[in-house]
Amino acid sequence: MLQLNLTNTPKWLDLDHGVRVLVAPMSTAVMIAARRDPRVAALGDQIDALNNDDLALVMAKAVARIAITDWDGIGDAEGKPVSVTPEGVDALLEVWPLFEAFQTKYVNSGFLLDAEKNVSPPLPTGSSAGAAPTAKPARARARTARKPSTHR
């Protein structure tokens with residue numbers, strides 16, 4: 001069953017290492033705005049040449065610049081808290097564990113529906129690995145078929 005979040009209230013997302021960010025709910029509007037981000041648009045035809053990791057970083061930064069409205073645990077070189085800025089968001093996502101946490105906890109949440117679209121959970125191996133048996137098990141082994149006679 002699809003569970004819709006009908007609230008558009010921002011929520012705090014813990015990225016670990018004492019950092020948390022206030023994010024707008026993941027929505028179609030956020031993803032469309034990220035696609036229109038000037039840094040994404042500037043890639044033009046080069047976007048097809050990017051590997052998945054590079055593309056993930058570019059898109060995550062575009063999404064984060066739109067979605068992150070506040071944060072805790074972020075400071076300047078002297079430890080003084082700093083305000084959210086596009087440059088600050090980009091710098092935040094250059095820290096690998098924080099990028100991974102943002103990717104997993106926020107960006108990927110927008111793609112979970114895509115994984116659920118067939119209303120079936122992913123199967124561990126093969127096309128029938130998760131299927132329930134529909135036939136009753138045989139009571140005993142079947143006898144071997146007789147060999148055809150070869151006389152004419």
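The values are calculated or read from the model by the stated rules, or taken from the named source; none is laboratory data. A quick note: this is a predicted structure, and the numbers were derived from the prediction, not measured. Cβ placement follows ideal geometry from the backbone for every residue including glycine, while neighbour counts extend to all protein chains displayed.
Summary table
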{"item": "Single condition residue 20 does not satisfy, out of (1) in contact with a Gly (Cβ under 7 Å, 6 or more places away or on another chain); (2) more than 17 Å from residue 88 (Cβ to Cβ); (3) in a strand (DSSP E or B)", "result": "(2)"}
{"item": "Pairs where the first residue, in the stretch 18-40, is on the phi > 0 side of the Ramachandran plot and modelled with pLDDT of 85 or more and the second is assigned to a loop (DSSP other than H, G, I, E, B) and not aliphatic (A, V, I, L, M), C-beta under 8 Å, 6+ apart", "result": "18/73"}
{"item": "Residue 79 being touching a Gly at 6+ places or on another chain (Cβ under 7 Å) and small (Gly, Ala, Ser)", "result": "no"}
{"item": "Single condition residue 52 does not satisfy, out of (1) without any contact (Cβ under 8 Å) to a residue 24 or more places away in the chain; (2) surrounded by 14 or more Cβ atoms within 10 Å (Cβ to Cβ); (3) not small (Gly, Ala, Ser)", "result": "(2)"}
{"item": "Residues located in the stretch 31-45, provided they are in a helix (DSSP H, G or I), of a type outside the set (Lys, Arg), surrounded by 11 or more Cβ atoms within 10 Å (Cβ to Cβ) and more than 18 Å from the chain's Cα centre (by Cα)", "result": "40, 41"}
{"item": "Among (1) at pLDDT 90 or above; (2) surrounded by 10 or more Cβ atoms within 10 Å (Cβ to Cβ); (3) not polar (S, T, N, Q) - the single one residue 80 does not satisfy", "result": "(2)"}
